[in-house]
Amino acid sequence: MMVNSVKQAFNNAVEVVATSEALFELEQREIRGVEFTTFRNGPKTLRDILEFCKNHQDADFIVYENERYSYADFYRITSLVALRLTQHYGVKQGDRVALVMRNSPEYPILFMALASIGALAVCMNSWWTSEELEYGFTDSAAKLVFADAGQAKKLVPFAGRLGLQSVVVRGEAGERDADFWRLIGVPSDVQLPSADVEPDDDFAIMYTSGSSGFPKGVVLTHRGAISTIQSWLFGLKVSARLGWSPAPMIDKNGESFQPCSLVTVPFFHVSGTHPGILMSIWLGMKMVICHKWDPEKAVALIEREQVTRFAGVPTMSMELINAAVSMGVTLDSIRNIDAGGAGRPVDQVATIAKAVPHALVGTGWGMTETNGMGIGLRGEEFLANPGVAGRLQAPLPQIKIVDENGREVATGKVGELVFKCVSNMRCYLNQPEATADVLRSGWLYTGDMAFIDDDDLVTIVDRKKDMIIRGGENISCAEVHAALHAHPSVLEAAVFSIPDERLGEAVGACVYLRDDDTVSEAELVQAMAPLIARYKLPSKIWFHEGQLPRVGTEKIDKLALRNKCLNLSLDKSDG
């Protein structure tokens with residue numbers, strides 16, 4: 001095969017799909033003063049996507065524990081909830097309504113109901129502490145919140161002061177709340193309330209940790225989300241033309257079965273809402289919701305519901321495979337095993353492909369700020385290039401690799417990945433300076449250091465931002481640093497990533513204590529626990545004798561310190 005032949009074949013397939021199918025016809029459109037490539041046709045808002053439920057009617061949509069909802073059920077319930085939001089709670093177009101709950105059927109119901117009436121879902125991290133949630137409510141100014149009973153407890157310390165109205169949708173034992181679900185008794189012919197929603201209206205605020213130490217509210221639009229889903233569907237068409245499609249969804253008896261996705265990631269992430277909720281509705285997929293990750297339970301669900309797509313952070317894939325092997329299950333229904341949130345270890349790719357040869361193994365890169373749009377690779381090309389992040393998702397985005405002055409670098413050279421697409425966020429909520437810093441003339445400066453090769457394959461090599469990604473969760477070093485310094489014995493501290501076999505990265509820290517003070521690692525972690533979420537707590541803290549090392553600018557030399565600490569751990573393990 002000639003060099004770049006795959007690249008040429010890919011580009012040819014993109015051209016054919018874009019020019020032969022009306023759904024994927026392209027046009028140039030000016031949005032917020034910037035010209036973007038967009039789709040001319042297709043749904044314009046998430047309200048339009050909700051209407052796709054009528055195409056699937058009695059097919060299963062949501063499976064959760066012992067509950068099952070068809071598409072007809074979901075459309076009816078969502079319409080009733082939308083009506084109740086407007087009539088009972090007084091929610092108007094543009095209002096912000098918070099969702100603070102673990103994965104359950106109520107999340108997609110409320111998410112789509114809010115979008116359909118032009119309100120914004122404020123998707124807050126259900127793992128946040130009470131203090132972190134208070135910040136989120138103060139920042140978003142949401143006054144109405146839907147929560148499960150466990151998360152509602154965290155709101156009590158500040159709900160009165162901020163004037164929050166809290167509605168519980170699930171009880172302590174995970175049961176449906178009777179008051180919330182009483183609306184199902186309304187006659188089934190209730191219509192979705194009318195609303196004049198435009199494509200470039202905001203539909204959600206999703207929080208992502210930033211290097212400043214405080215989570216940033218990412219403001220997303222209807223057009224941005226739909227552009228991502230439509231591009232993923234475009235990608236399926238391109239793959240089909242290239243012969244890269246998964247095996248047909250036909251069981252051992254020759255019977256076809258419904259495509260089905262197992263949702264293992266939280267709905268407060270774009271990796272939960274967009275492929276889980278939005279793409280499922282568009283395609284008529286069944287969505288099996290995991291309330292909590294459990295590999296053996298996941299295997300059982302895959303077998304019972306004939307799950308065709310599994311996605312999660314890379315560690316989940318291996319835990320699933322290991323559980324399946326121990327249970328003697330071959331996962332015959334699986335057609336795609338995708339990963340995101342962290343780089344998939346190179347040796348993992350071949351292992352999974354061997355264990356589940358009938359599935360396409362894939363990887364992807366995207367951000368909350370891009371509505372999940374980005375880079376990806378699957379199948380044989382990924383097996384041949386297991387260290388890459390993938391190929392740019394066609395046909396809407398553009399990418400550049402630039403140096404510190406914003407100039408493009410040569411092919412193969414490392415620089416910052418910048419990304420231009422109509423899917424990019426509108427802004428960071430209440431942070432005009434941070435928005436202007438990362439979003440310039442439509443180009444999003446991602447903070448990821450990368451290079452692109454002659455075949456247009458992108459490799460992510462490092463992060464410019466001071467961030468740790470633990471099992472797909474972004475953790476700000478500055479936030480952990482502040483929590484460490486809240487302890488009176490800590491004089492200096494440095495926070496950095498440390499390798500973790502299961503999660504990819506974990507939080508590490510090194511501290512220098514005040515003279516004559518003594519405090520144990522466990523005591524420091526215990527003191528931090530009320531201030532930040534559990535997943536942000538350091539897995540390992542080293543104690544440094546004397547001032548922490550500096551670089552020429554007198555900043556703490558975190559790289560040298562990290563290497564020193566990790567070498568100390570290696571020395572101890574060797575000893």
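We did not get these values from a lab; they are worked out from the coordinates using the rules stated. Owing to the predicted nature of the structure, the values given are computational and were not obtained by experimental measurement. Reconstructed Cβ throughout: ideal geometry from the backbone, glycine too, with neighbour counts over all protein chains shown.
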In nm, to one decimal, how far is the modelled label at A149 from the one at F257, with both set 7 Å along Cα→Cβ?
3.5
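Percent relative contact order of region 468-574, based on C-alpha pairs within less than 8 angstrom and at least six residues apart?
On the way: 153 pairs, mean separation 27.2, N = 107.
Worked out over region 468-574, it gives 25 percent.
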Solution diffusion estimate, µm²/s, Stokes-Einstein, the chain, Kirkwood Rh from C-alpha pairs, 4 °C, viscosity 1.567 mPa s:
52
Of the listed pairs K153/K465; K464/K564; K143/K536; K464/K558; K153/K536; K420/K558, those with alpha carbons more than 23 Å apart are K153/K465; K143/K536; K420/K558
Ratio to report: Rg/Rh of region 291-337, with Cα atoms as the point set and Rh obtained by the Kirkwood method; give two decimals.
0.90
Provide the percentage of antiparallel DSSP beta bridges, counting only those with both residues in region 143-276; round to the nearest 5.
60
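Share of antiparallel DSSP beta bridges in the chain, in percent to the nearest 5? Write out the running numbers ahead of the final one.
Numbers: 62 of 97 bridges.
In the chain, approximately 65 percent of DSSP beta bridges are antiparallel ones.
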For region 411-510, what Kirkwood radius comes out of the mean inverse Cα-Cα distance, in Å?
15.9
So which lysines can K286 reach, going by Cα to Cα under 24 Å and dropping same-chain residues fewer than 8 places off?
K44, K54, K237, K252, K297
Starting from the 7 Å offset along Cα-to-Cβ, what nm value, one decimal, do you get for the label separation of A59 and Q191?
2.6
Rounded to the nearest 500, what is the chain's calculated 222 nm mean residue ellipticity when only DSSP H runs of at least 4 contribute -39500 (n - 2.57) each, over all residues?
-10000 deg cm²/dmol
So what's the convex hull volume per residue for the Cα atoms of region 229-340, in Å³?
107
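Report the per residue volume, in Å³, of the convex hull enclosing the C-alpha atoms of region 468-574. It would help to have the intermediate numbers written out before the result.
Numbers: hull volume 11.6 nm³, N = 107.
So the per-residue hull volume is 108 Å³.
Over the Cα atoms of region 1-133, Rg to Rh with Kirkwood Rh, two decimal places?
Values: Rg = 20.2 Å, Rh = 18.3 Å.
Here the Rg-to-Rh quotient is 1.10.
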With a bin width of 10 angstrom, please list the P(r) values of region 1-56 as percents of all Cα-Cα pairs, from the 0 bin to the one holding the largest distance.
19, 30, 32, 15, 4
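What Kirkwood hydrodynamic radius, in Å, does region 119-206 give when the mean of 1/r is taken over all pairs of distinct Cα atoms and then inverted? Don't skip to the answer; put the middle values down first.
Details: mean 1/r = 0.0668 Å⁻¹.
Result for region 119-206, one decimal place: 15.0 Å.
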In whole angstrom, largest first, the equivalent ellipsoid semi-axes that the Cα gyration tensor gives for region 70-220 are 25, 19, 13
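So which GluC sites (Glu not before Pro) in region 360-440 end up in coil per DSSP with only 16 or fewer other C-beta atoms within 10 Å? Numbers along the way, then the final one.
On the way: sites: E369, E380, E381, E404, E408, E416, E433; in loops: E404.
Answer by residue number: E404.
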Once the Cβ-Cβ distance between E501 and E25 is put in as r, and R0 is 45 Å, what FRET efficiency do you end up with, to the nearest 0.05?
0.45
Which whole-percent values make up P(r) of region 124-166 when all C-alpha to C-alpha distances are grouped in 5 Å steps starting at zero?
5, 25, 42, 25, 2
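Report the chymotrypsin sites (Phe, Trp or Tyr not before Pro) located in region 201-258 that are in a DSSP loop and have at most 16 other Cβ atoms inside 10 Å of their Cβ, or state none. The partial results should precede the final answer.
Details: sites: F203, Y207, W232, F234, W244, F257; in loops: W244, F257.
Passing sites in region 201-258 are F257.
Counting other C-beta atoms within 10 Å, and keeping those with at most 11, which DSSP coil chymotrypsin sites (Phe, Trp or Tyr not before Pro) do you find in region 68-150?
On the way: sites: Y69, Y71, F74, Y75, Y89, F111, W127, W128, Y135, F137, F146; in loops: Y89, W127, W128.
Sites meeting the loop and neighbour criteria: none at all.
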Could you give the longest part of the chain that holds none of the trypsin sites (Lys or Arg not before Pro) found in DSSP loops with at most 14 neighbouring Cβ atoms within 10 Å?
93-251
